[in-house]
Amino acid sequence: MYKIDQEKCIGCGMCVSVCPYGAIKIGTDGKAIIDQKKCQQCGKCAPICPMQVIKLIK
Ligand code: SF4
Ligand code: SF4
C-alpha cells in the first residue's frame with residue numbers, strides 16, 4: 001500500500017489534486033493522509049510529490 005511520511009510532508013496538496021479516487025486528504029495538522037479504503041493502488045500520487053514522501057510499502 002502507499003503511505004505518506006507525514007513528518008516530511010509539507011502539505012502542498014499536489015497528491016490530493018492528482019489522485020483520481022479522492023483518496024488523499026490534508027488533515028487538520030496540515031499533512032496529507034491516504035484513506036486506504038479508497039486507494040486503488042494506481043501509483044499516480046508518488047511521482048508527483050515534490051518531497052518524495054509517498055512510498056509503496058509492501
Ligand atoms: S495510489 Fe492512486 S488511488 Fe492511491 S492514493 Fe495514490 S493516487 Fe490515490
Ligand atoms: S504531494 Fe507530498 S508533500 Fe505535497 S501534500 Fe502530498 S504527500 Fe505532502
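Throughout, read-outs are computed from the coordinates displayed, never taken from laboratory work. What you see is a predicted model, and the numbers here were worked out from it, not measured in a lab. Cβ atoms come from the backbone with ideal geometry, glycine included; neighbour counts cover every protein chain shown.
Below are the figures for this structure:
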| item | result |
| --- | --- |
| Cysteines, the chain, no other Cys beta-carbon under 4.7 Å | 9, 12, 19, 39, 42, 49 |
| Tail fraction, Cα-Cα pairs, the chain, threshold 18 Å, whole percent | 18 percent |
| Lys/Arg +1, Asp/Glu -1 at C-beta; the chain dipole; positive extreme among 30, 10, 47 | 47 |
| Within the chain: Cβ-based charge dipole about Cα centre, in debye rounded to nearest 20 (Lys, Arg +1; Asp, Glu -1) | 200 debye |
